[in-house]
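**Q** Got a structure for you, written out below as structure tokens; questions coming shortly.
The values are calculated or read from the model by the stated rules, or taken from the named source; none is laboratory data. This one's a predicted model, so the numbers in the text were calculated from it and none came from an experiment. Every residue, glycine among them, receives a Cβ derived from its backbone with ideal geometry; neighbour counts consider all protein chains shown. Surface accessibility is based on the protein's heavy atoms, side chains included, excluding ligands, DNA and RNA. Shrake-Rupley method; radii C 1.70, N 1.55, O 1.52, S 1.80 Å.
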Amino acid sequence: MKSIYKRTILSAACAAALGGITPSVHAANWLMLQGTEPAGAAARAKVWGFIQPEFQRTDDTKLEAGPWSGQSAIFNQMRPDLKSSEGFNVLRARLGVRGEGMPLDPKVNYFLLAEFGNNGITRQGGGSVKLTDASVTFNHIPGARVRVGVFKTPGSEEGLQAIHVFDYINFTNVTNGLLLERFFDTDGSDTYVTPAGNSGAGGSANRPNGPVSAFRDQGIQVFDTFKKGDWEHSYALMVGNGNGITRGDNDNNYETYLYWSSEKVFGGKGPRRDGWKLFAWYQDGKRTLDAYWDAAAGEFSVQDGEFDRTRYGIGTTFRKDKWRAAAEYIVADGVIFNGTDGGAVPGAAANGPGTTASFNVEPEGEADGWYVHGGYAVTNALELDVRYDVYNRMTDVANKERKFDTLTLGAQYFFNKKSRLILNYEIRNAEAPNLADDHNANKILSGMDNRIAAQVLVIF
Amino acid sequence: MRITRRNTLSMLFCLLAGVLVLANPARAENPFAEVKVVLQISDPNPFKQTLVLNVANNLLKAYGPDKVDVEIVAFGPGLRLMFADNVNKGRIASLASNGVSFSACSNTMRNMGKKLGHPPELTENAKVVPAGVVRIIDLVKQGYVLVKP
């Protein structure tokens, strides 16, 4: 009896001890997941990637008013081509390699990723394949890992998170407008002052001078994560060119990025672990335009102009068992991407003579926006999501202010952990809140269609 | 101390146990194990690290730490598992606290040291043996079952 008792106690102790054997958690936040490898347990070269074929559709409602009345509205066309309101597209197809170049030395790791899909990265700037990430991380200094190269900047959750675990197909309006940066040489105002004879369809449209930023920059980052009980506290400081990917610096100005997050980890590991995270970020720099409308002088300037560009935000994410939630508030000051003239497709000739639709930038504008997201895993295979986002563009100029809001209803069906189908229905609205309902701006914006989208995502 | 028949038997029992332990110097931790397993890791594939630790954990769960003797022997590229800063060091410590032994090949350490410029730093739970493969052969001779996950 005594022996049985002792064995029971021993077994219970062993069970308790074994229960304490927790799986090793690879640092599960975006800074660590993207910037480091599991020390001593990484491959020399792990090949990976993902493919995102998709279908999108709107009703292709035409512009109701303005110089391009009756023509296609940019907001009802499929990106990035802007030539059709519906169709198939391989949005992303990325192939990468990552690991520890010398497996005996886990203190140095690398990350390489290239984009083969059809999107704002590959569509602009020539070439059909673009390098999006190429970085090396040095893990020699405790508390201060150093990452150099081109990589995702520490910032908004929607931009920083791995795109292959994004719960939706399209970005929120605020992220798309303020953080997925387009780089221009001019502010787009020159099409209005160019003599009519020099401006034809596509002739002088202001377009991006290369790929979108893809939430990335070239530079150097110091970062690390500190664990205290169930909490993980992370920081990142980065200095970059402020000029996106595939190009060097253009103005001798540097971008500064600051990031902090604290997360209570509930369990799991990797990009889909359970936890509650609070985060805040800030970035500041300058952008140089070769030509712009000088409001103070009342003329179009062809001298280089430097403009401050600041973005900051605060947010939270939550994931536990079947529930997911997120919210973020973003503020912007300077260099606001301001859509196109009359809502037309860039390069489209106006119905009257002399004007070609261009992309526009407001060098000294202000904007803000926010989003909330909730999700529920009905089964292991089916997850339902809903997101509401608001973007207030050009809040500092009443007649230029535009408000965009979108309610997105989503469903994700997981064929397995690495393959899923995403379905989205976006109920989209836009208005010029300080202008009359029958103003051309509001007539144009009232033509913004709802959008349906379906996407297959396979990670390998 | 008063010498009684009971005390005498206890001392004899302890002496016998001590002799048994000395007769098997390689495995002193658990001389009464009913199952003895040596796990080999010599593969560069990082997934094998997780696998070998999982197997050790499963053996402990299946037989109970008091009934199974598990030793993990690492040599060649598999020695990375026992590096001091290996991401699995927490699991290694937990398994070691439950009686799992970790043996690191000295030959491999010497060769790695030539490439690194210094010997690799190992987890405190690892003990260095002259040669990993010889260690495995010795354990097999002692009745251990060799498993290479």
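**Q** Residue farthest toward the positive end of the dipole of the protein assembly as shown, with Cβ of Lys/Arg at +1 and Asp/Glu at -1: which of A:Leu382, A:Phe171, B:Ser103?
**A** Checked the options; the winner is B:Ser103.
**Q** Using a 7 Å offset from the Cα along the Cα-to-Cβ direction at both A:Val90 and A:Asn399, what is the distance between the two label points in nm, to one decimal?
**A** Placing both labels 7 Å along Cα→Cβ, they lie 4.8 nm apart.
**Q** Right, something else. How many square angstrom of accessible surface are buried between B and A, both sides summed, with a 1.4 Å probe and rounding to 100? Walk me through the numbers before you get to the answer.
**A** Numbers: alone 8820 and 20610 Å², together 27640 Å².
The buried area between B and A, both sides summed, comes to about 1800 Å².
**Q** Show me, for region A:210-219, the HN-Hα J-couplings you get by feeding each phi into the Karplus relation (A = 6.51, B = -1.76, C = 1.60, θ = phi - 60°), rounded to Hz, glycine and proline as x.
**A** Result, ordered by residue: x, x, 5, 5, 6, 6, 10, 7, 9, x Hz.
**Q** I would also like to ask the following. For a test of the definition: using alpha carbon positions, the gyration tensor, and the 1.5 limit on a/c, classify chain A as rounded, prolate or oblate.
**A** Numbers: a/c = 2.22, a/b = 1.75, b/c = 1.27.
Because a/c hits 1.5 or more and a/b exceeds b/c, chain A counts as prolate.
**Q** How would region A:234-360 be classified by its alpha-carbon gyration tensor: rounded, prolate or oblate, with rounded meaning a/c under 1.5 and the a/b versus b/c comparison settling the rest?
**A** Details: a/c = 3.09, a/b = 1.89, b/c = 1.64.
In terms of gyration-tensor shape, prolate.
**Q** For region A:243-320, what is the accessible area per residue in Å², given a 1.4 Å probe and the full set of protein chains?
**A** With all protein chains present, region A:243-320 gives 49 Å² per residue.
**Q** Grab the DSSP H runs of the protein assembly as shown that are 4 residues or longer, score each as -39,500 (n - 2.57), total them, divide by all residues and round the 222 nm result to the nearest 500 deg cm²/dmol.
**A** Details: 11 runs with 111 residues, N = 609.
It comes out at -5500 deg cm²/dmol, rounded to the nearest 500.
**Q** With contacts defined as alpha carbon pairs under 8 Å and 6 or more residues apart, what's the relative contact order of region B:33-147 in percent?
**A** Details: 186 pairs, mean separation 37.2, N = 115.
The normalised contact order for region B:33-147 reaches 32 percent.
**Q** Return the FRET efficiency for the residue pair A:Ala295, A:Asn250: r is the Cβ-Cβ distance, R0 is 30 Å, and the value is rounded to the nearest 0.05.
**A** Details: r = 23 Å, r/R0 = 0.78.
The pair A:Ala295/A:Asn250 has a calculated efficiency of 0.80.
**Q** Give the angle, between 0 and 90 degrees and rounded to the nearest 10, that separates the Cα long axis of helix A:2-19 from the longest principal axis of the Cα atoms of chain A.
**A** So the inclination is approximately 20 degrees.
**Q** Taking a probe of 1.4 angstrom, what is the accessible area of A:Val386 in Å², to the nearest 10?
**A** 60
**Q** Can you list residues from other chains, or at least 5 along the same chain, whose modelled amide H is less than 5 Å from the amide H of A:Gly87?
**A** A:Gln56
**Q** Continuing with the same structure: Per-residue HN-Hα couplings for region A:270-279, Karplus 6.51 cos²θ - 1.76 cosθ + 1.60 at θ = phi - 60°, whole Hz, x for Gly and Pro?
**A** Values, residue by residue: x, x, 10, 6, 7, x, 10, 10, 10, 8 Hz.
**Q** Once amide H atoms are placed 1.01 Å from N in the peptide plane, what residues at a sequence separation of 5 or more from B:Phe102, or on another chain, have their amide H within under 5 Å of its amide H?
**A** So B:Phe102 has HN proximity to B:Ile72, B:Lys127.
**Q** May I pose another question? Put +1 on the Cβ of each Lys and Arg and -1 on the Cβ of each Asp and Glu in chain A; which of A:Gly120, A:Ala73, A:Leu237 then has its Cα farthest toward the positive end of the dipole?
**A** With unit charges placed on the Cβ atoms, the residue in question is A:Leu237.
**Q** Another question about this same structure. Please compute the modelled spin-label separation between A:Leu278 and A:Leu237, points set 7 Å along Cα→Cβ, answer in nm with one decimal.
**A** Distance between label points: 2.3 nm.
**Q** Indicate, rounded to the nearest 5 percent, the antiparallel portion of the DSSP beta bridges found entirely in region B:33-147. Don't skip to the end; give the middle numbers.
**A** On the way: 1 of 19 bridges.
Here the share of antiparallel DSSP bridges comes out near 5 percent.
**Q** Relative contact order for chain A: what is it in percent, counting Cα pairs under 8 Å that are at least 6 residues apart? Mind showing how you got there, number by number?
**A** Numbers: 1237 pairs, mean separation 71.6, N = 460.
Taking the mean separation of contacting Cα pairs over the length of chain A, I get 16 percent.
**Q** Loop-only GluC sites (Glu not before Pro) in region A:60-144, please: DSSP not H, G, I, E or B, and at most 16 other Cβ atoms within 10 Å. It would help to have the intermediate numbers written out before the result.
**A** On the way: sites: A:Glu64, A:Glu86, A:Glu100, A:Glu115; in loops: A:Glu64, A:Glu100.
Here the sparse-neighbourhood loop sites are A:Glu64.
**Q** OK, next. Checking the a/c ratio against 1.5 first, then a/b against b/c, what shape does the Cα gyration tensor give for region A:291-333?
**A** Details: a/c = 5.37, a/b = 5.22, b/c = 1.03.
It is prolate, given that a/c is not under 1.5 and a/b is the larger ratio.
**Q** May I pose another question? In nm, give the distance between the simple-model label positions of A:Ala144 and B:Val147, each being 7 Å from the Cα along the Cα-to-Cβ direction.
**A** Reported label-point gap for A:Ala144 and B:Val147 is 4.6 nm.
**Q** With a cut-off of at most 14 other beta carbons within 10 Å, and DSSP calling the residue loop, which trypsin sites (Lys or Arg not before Pro) in region A:281-335 qualify? Please list them. Please list the in-between numbers first.
**A** On the way: sites: A:Lys286, A:Arg287, A:Arg309, A:Arg311, A:Arg319, A:Lys320, A:Lys322, A:Arg324; in loops: A:Lys322.
Passing sites in region A:281-335 are A:Lys322.
**Q** I've got another one for you. Taking the Cα centre of the protein assembly as shown as origin and charging only Cβ (+1 Lys, Arg; -1 Asp, Glu), how large is the dipole, in debye to the nearest 20?
**A** Values: 66 positive and 63 negative charges, 1014 e Å.
That gives the protein assembly as shown a dipole magnitude of about 4880 debye.
**Q** Let me ask something else. For region A:134-178 and region A:300-361, what is the centre-to-centre distance using only Cα atoms, to the nearest Å?
**A** Measuring centre to centre over Cα atoms gives 19 Å.
**Q** Where the centroid of each part is defined by its Cα atoms, how far is region A:402-460 from region A:210-275 in Å?
**A** Cα centres, region A:402-460 to region A:210-275: 27 Å.
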